[in-house]
Amino acid sequence: MIVFGSHRVLAASAAVVLLTAGGVSSAAAHEAVDPASPGAASAEGGRWVAPANGSTGIEQAPALPGAQPISSDDRIYTADQSSNTMTVINPATNEVLGTLPLGESRLDGVLGPVDTDQVNVHGLGFSRDGRYLDVVSVSSNAVQIVDTATNTVVDTTYLGRSPHEAFISPNGREVWTAVRGEDYVSVVDLRRDRETRRIETSPGPSKVVFSPDGRTAYVNHQRAAVLDVIDVRSKRITDRVQLTLSGSSDLAVSPDGREVWLGHPDSGKTTVVDARTLKEKTVLDTGPRTNHPNFITTAEGAFAWVTVGGLDEVKVYQRGNGDPTLVDTIETSGHAPHGIWPSPDNTRVYVALQKSDAVDVIDTASRKVIKTISVGQDPQALVYVARSGGGSSQGLTDQGLGQRVQTYPLTGTPTGATGQATVRNVLGLDEVDVTARGLTPGTAYDVYALAGDTRTKLLTATSDDTGTIPEALAFVEFFDNGYGGVAIEAAGAP
């Protein structure tokens with residue numbers, strides 16, 4: 001058994017020993033894990049122990065009709081990239097219980113010469129029994145396991161460059177992480193507290209999700225038009241589904257196991273794959289900055305909900321044997337909807353608003369926003385975790401909460417181009433987060449802060465080959481200096 005915390009204390013040296021000296025036997029590296037084994041691993045006395053027989057009696061979302069209702073024991077989590085926190089919400093009351101700091105807010109210790117905390121907290125997943133959450137920090141290359149009862153980090157493992165999203169295996173014994181910068185899926189054995197397998201994938205793996213029966217894992221990719229299909233028991237890729245598009249940052253598998261939906265932010269498309277035939281079913285034109293898909297199933301039918309960050313919308317598609325049909329478009333209360341997850345009973349959908357530092361609560365019957373909750377700064381992933389036991393606000397703080405945030409449309413954009421700048425206060429300075437699309441590809445643009453007739457240059461950014469500036473950051477005293485707008489123009493313009 002490995003005592004939790006030991007890897008965290010010895011993070012740097014442990015990573016070197018693991019990755020350079022080996023230390024993983026052939027048997028350990030190829031150990032078969034039964035995805036259908038009951039129960040899940042748990043922590044007792046600070047140790048990871050084998051799963052116990054039996055079931056918690058809960059179902060995780062997305063679920064088919066008949067799952068348990070929303071409970072005050074359940075939790076909603078957001079991964080807050082600028083405040084480097086995880087916000088914890090009670091879905092029964094829509095109350096923020098606090099944030100779990102995993103690092104320091106931007107422009108504090110994260111930019112120091114010595115940094116031992118997490119940077120760019122981004123991805124979330126969970127165990128099927130609801131006891132554990134995994135959190136991925138992209139820039140510090142870490143995946144952490146959090147006990148959902150105590151809000152305690154019980155394990156930290158450092159991986160290769162730029163891990164993006166992860167999920168705990170169906171039996172609760174492993175965490176599988178898509179390591180986008182090094183083209184593999186990392187498998188960390190939570191009993192041994194170490195990485196025991198690397199599954200080489202197509203270029204730029206973004207996320208790992210498991211089929212409802214736990215036997216198959218699906219991996220999408222940022223730099224390849226492929227959906228990798230992995231047998232969970234053998235940890236081997238059994239199929240590579242050829243897609244029309246690359247550039248997928250998120251995916252989800254339907255609760256009936258029949259479809260896999262992939263979002264493509266840069267192209268504004270969503271790919272639907274038939275999980276039974278392993279063939280691309282269709283490509284939907286969902287809109288610019290298409291982010292995350294998820295699923296709702298009610299007496300009315302089976303639906304996929306897709307966040308479209310560039311339009312501030314959630315699009316609702318009805319699923320069936322044929323191509324999906326757009327049946328509704330929901331306007332969010334704020335900007336850049338990103339992560340999305342339903343409640344197990346399919347009555348609510350929760351949407352992270354990346355540029356508004358908030359979460360929208362949507363009633364699935366009326367398809368209306370019924371509540372907006374302020375959360376940590378720059379929320380990315382969002383998950384709903386059903387739990388069978390009581391929780392607490394132990395260990396939570398107010399880091400990242402209650403800070404000013406405002407979004408301005410970019411003025412001066414060329415004909416046909418659009419953009420916005422989100423300004424949020426971070427530790428005394430203001431982070432100006434600029435996005436634009438419809439620009440001339442491969443062209444440099446200057447961005448200015450505006451105060452009446454005064455213009456102050458903030459940054460220069462070059463559009464990519466699609467004419468997009470996905471994100472450009474500047475840190476200034478924006479609010480205190482009376483700026484009230486942001487403009488963009490071709491670099492060097494008079």
Among (1) under 21 Å from Gly287 (Cβ atoms); (2) modelled with pLDDT of 95 or more; (3) of a type in the set (A, V, I, L, M, F, W, C), where does Ala417 come up short?
(2)
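In the list Gly322, Gly391, Gly400, which residue meets the criterion of being out of contact with any Phe, Trp or Tyr (no Cβ under 7 Å at 6 or more places or on another chain), more than 30 Å from Thr277 (Cβ to Cβ) and at pLDDT below 95?
Matching residue, one of Gly322, Gly391, Gly400: Gly391.
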What do you reckon, is Ser71 in a loop (DSSP other than H, G, I, E, B) and either farther than 20 Å from Trp176 by Cα or modelled with pLDDT of 95 or more (or both)?
yes
Could you grab me the full set of residues in segment 186-221 that are surrounded by 24 or more Cβ atoms within 10 Å (Cβ to Cβ), more than 14 Å from Ile145 (Cα to Cα) and aliphatic (A, V, I, L, M)?
Val208, Ala217, Val219
Pick from Thr157, Thr177: which is touching a residue at least 60 places away in the same chain (Cβ under 8 Å) and more than 23 Å from Asp274 (Cα to Cα)?
Thr157
crowded, with 24+ Cβ neighbours inside 10 Å, closer than 24 Å to Leu262 by Cα and either in the same structural domain as Thr85 (by TED's automatic domain parsing) or among the hydroxyl-bearing types (Ser, Thr, Tyr) (or both): does that describe Asp378?
yes
Could you run through segment 390-417 and say how many residues are part of a loop (DSSP other than H, G, I, E, B) and either touching a helix residue (DSSP H, G or I) at 6+ places or on another chain (Cβ under 6 Å) or within 30 Å of Pro441 (Cα to Cα) (or both)?
6
Only unsatisfied item for Thr468, checking (1) under 18 Å from Pro409 (Cα atoms); (2) at pLDDT 95 or above, is (2)
Among the strands (runs of 3 or more DSSP E) confined wholly to segment 151-211, which include 3 or more residues that are closer than 24 Å to Pro101 by Cα and in the same structural domain as Pro255 (by TED's automatic domain parsing)?
152-158, 163-168, 174-179
For segment 212-235, give me each residue that is free of Cβ contacts under 8 Å to residues at least 40 places away in the same chain, farther than 16 Å from Glu182 by Cβ and not in a strand (DSSP E or B).
Ala225
Within segment 265-372, strands (runs of 3 or more DSSP E) holding 2 or more residues that are in the same structural domain as Ala92 (by TED's automatic domain parsing) and either under 28 Å from Val423 (Cα atoms) or in contact with a helix residue (DSSP H, G or I) (Cβ under 9 Å, 6 or more places away or on another chain) (or both):
290-298, 301-308, 313-319, 325-331, 337-342, 348-353, 358-363
Anything in segment 416-451 that is buried (at least 17 other Cβ atoms within 10 Å of the Cβ), among the β-branched types (Val, Ile, Thr) and touching a Pro at 6+ places or on another chain (Cβ under 9 Å)? List them, or say none.
Thr435
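A quick yes/no check of all residues on (1) at pLDDT below 95; (2) surrounded by fewer than 23 Cβ atoms within 10 Å (Cβ to Cβ):
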| site | (1), (2) |
| --- | --- |
| Ser82 | yes, no |
| Thr93 | no, yes |
| Leu102 | no, no |
| Ser105 | yes, yes |
| Pro113 | yes, yes |
| Val121 | no, no |
Complete set of residues in segment 441-457 that are at pLDDT below 95 and among the small types (Gly, Ala, Ser)
Gly452
Search result, residues across segment 175-222 that are farther than 15 Å from Pro163 by Cβ and among the hydroxyl-bearing types (Ser, Thr, Tyr)
Thr196, Ser202, Ser211, Thr216, Tyr218
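The values are calculated or read from the model by the stated rules, or taken from the named source; none is laboratory data. This is a predicted model, so every value here is computed, not measured. All Cβ positions, even for glycine, are placed from backbone atoms using ideal geometry, and neighbour counts span all protein chains on display.
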